[in-house]
Each structure stands twice: as structure tokens, then as C-alpha cells.
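Here the structure is laid out as C-alpha cells; the discussion comes afterwards.
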Amino acid sequence: MTSSRAYLSDLFSLDDRTAVVTGGSSGIGRAVAGALARAGARVVVVARKKEGLASTVEELTADGCRAAWVSGDLSTRDGVRAAAEEAAAVFGEPDILVNCAGINLRPPMGELGEDVWDTTMAVNLDAPFLLGQRFGPGMAERGFGRIIHITSQQAHRAFVQSGAYGVSKGALESLARSQAEAWSPYGVTCNTLVPGFVMTPLNARLSSDPDRVAALAARTMTGRNGVAEDFAGAAVFLASRASGYVTGQSIHVDGGFSVH
């Protein structure tokens, strides 16, 4: 009889896989990078701030994981291309791409200028598109790939001044479906994880309002807001062989927020 450990390892192990995780130095991205690394993947973490990158990789390597970091500017197309090439040079072409880097600018709609719009789309939508174009065809050619986007409740409903942020996240879910249509016949699944309200640096503005935080927790079915570690299991599932027949989907990791 096959042991449960061997069965689970065969189903979920990321041994011999390589992952690139953008926004992997803080919040959900850091938790996802840690989960993939501890499941066996070689992980390259991409973000801007070198301090957060270095501490993330130090933590992972101290746990015996294989990890490295690349500092890159994902707000320009040249910056994205440069970061992609640098990331691919570390452990080789990735099998797994996680797009978690994001920018969360929320001026009132009537005051939303072109600069905020352009910056939001560059980081939240253009960068995932360009990284997919860089890595997706290679995944398809090799017969295995996993593309995972981190989106938002604002991809599905407007609240707390969704503005350009909500538009970018809605478009990112559409991008996942387009990528799935193109590459899933060749073994590349493309899905999104949809957080509820998670206490991360990206949500610092809301996190500083105790009444709003409590109201958001009350809207869930679990009675609490999310933490970054809530995404570990879902990320490993979507990155592994176990999710081979799951593609083009938006999987809510939100404590029931979206259906309550």
C-alpha cells in the first residue's frame, strides 16, 4: 500500500520545479513564495525593495529552501523585461509564474487622473501580461506550466473606491482566461486567486481603521479577515500536478466574503 506521505508528495510536490513570484517580498506574495519553496520549488522572488527581498530569501534559505531574489521595476515595460531575463537566469526558465506584485492607488473616481490610471495598469495588468508572454510559450513547449494571478474582490464588485484598481484586477482575471484558452491544451493552467480583505501592507489605508476592519470581518462567514498564510495551500495546489484539470478559474480565498 502506498503511504499517505508518498501519495501526497506525488500529488502536490514541487520538487524539480522553478517558480518566479512577483511581489514576493511582502504580504500574500511572500507567503506564496514561502509555500512554493517549502513544497520543493526553486523560487526567484521579484520586487523593488532590496531589504524585503533579502530578508525573504534569508528566511527561506535558513529553512533549507532554494531561493534567490531579483530587484526590478515592474512599472515600466523595459523594467519588466529586464527583471524577467534576470529571474530566468538564476535557476533556468520557470515552470510556475505567480503575479502578485500590485499597486493600490484609490483616489475618488472624479479625481482619478491619467497618471494614476497608467501606473495602475502598468503594474497590475501590463506586467503580468508581459511576463506571461515571456514565459508562457516556453511552458507550453515543455508541456507543463502554471500561471497564477492574485486579484481582488474588486475584480467582481465595486466598493471602497475601486477606481482604476478594480478595473485592473477585473482585466487580470480576463487575462487568465485568455492565457488558459491559448496554452492549456499544452499543459499550462492559468488561474487566479481572489483574496478577501487581508491585513497586508497593500491594505494599510483600510487596516488603520479599526471600525472598517471589524465590519469587513463581520461580512465573512468565518468571522475574521484573512492573513497572508491563508493562501499557502491554494497556491501549492494551483502550482502542482494536482490542479492539472483546473484552468481559467477564479478561486476565492476569502472566508466566504464574496458569497455572504
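The values are calculated or read from the model by the stated rules, or taken from the named source; none is laboratory data. Being a predicted model, the structure only gives us computed values, none of them experimental. With ideal geometry, Cβ positions are generated from the backbone for all residues, glycine too; neighbour counts draw on all protein chains shown. To get the accessible areas, we keep the full protein, side chains included, count just its heavy atoms, and leave off ligands, DNA and RNA. Shrake-Rupley method; radii C 1.70, N 1.55, O 1.52, S 1.80 Å.
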### Query
In square angstrom, rounded to the nearest 10, how much accessible surface does ILE28 have for a 1.4 Å probe?
20 Å²
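First obtain the Kirkwood hydrodynamic radius of region 205-244 from its Cα pairs, then insert it into the Stokes-Einstein equation at 10 °C and 1.306 mPa s, and state the resulting D in µm² per second as a whole number. Intermediate results must be reported in sequence, preceding the final value.
Values: Rh = 12.1 Å.
Answer, rounded: 132 µm²/s.
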### Query
Dipole magnitude of region 103-260 about its Cα centre, charges +1 at Lys/Arg Cβ and -1 at Asp/Glu Cβ only, in debye to the nearest 20?
440 debye
### Task
Give a quick list of chymotrypsin sites (Phe, Trp or Tyr not before Pro) in region 175-260 that DSSP marks as loop, anything other than H, G, I, E or B, with at most 14 other Cβ atoms within 10 Å.
TYR245
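Round to the nearest 0.05 the FRET efficiency obtained for PHE144 and ALA215 when R0 = 25 Å and r is the Cβ-Cβ distance.
0.05
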### Task
Go through region 80-167 and name the chymotrypsin sites (Phe, Trp or Tyr not before Pro) that are in a DSSP coil and have 13 or fewer other Cβ atoms within 10 Å of their Cβ.
PHE159
### Backbone HN-Hα couplings from phi across region 236-251 [Karplus 6.51/-1.76/1.60, Hz, Gly and Pro as x]
4, 4, 5, 8, 9, 4, 4, 9, x, 10, 10, 8, x, 9, 10, 9
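Residues with beta-carbon under 12 Å from that of ARG219, excluding ARG219: net charge, scoring Lys, Arg +1 and Asp, Glu -1? Before the final figure, lay out the partial values.
Details: positive: ARG157, ARG212, ARG224; negative: ASP254.
Once positives and negatives cancel, what remains is +2.
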## Note on the structure
Quick tally, 1.4 Å probe accessible area for MET109, MET199, MET121, sorted with the most first, runs MET109, MET199, MET121
### Task
Could you tell me the accessible area of HIS156 in Å² (1.4 Å probe, neighbours in place), rounded to the nearest ten?
90 Å²
### Value at 222 nm in deg cm²/dmol, rounded to 500, when DSSP H runs of n ≥ 4 in the chain each add -39,500 (n - 2.57)
-13500 deg cm²/dmol
### Query
How much of ARG212 can a 1.4 Å solvent probe reach, expressed as accessible area in Å² and rounded to 10?
100 Å²
### Task
Return the Rg/Rh value of the chain, two decimal places, where both radii are evaluated on C-alpha atoms and Rh is the Kirkwood radius.
0.96
### Globularity index of region 53-150, i.e. its alpha-carbon radius of gyration over 2.2 N^0.38 Å
1.24
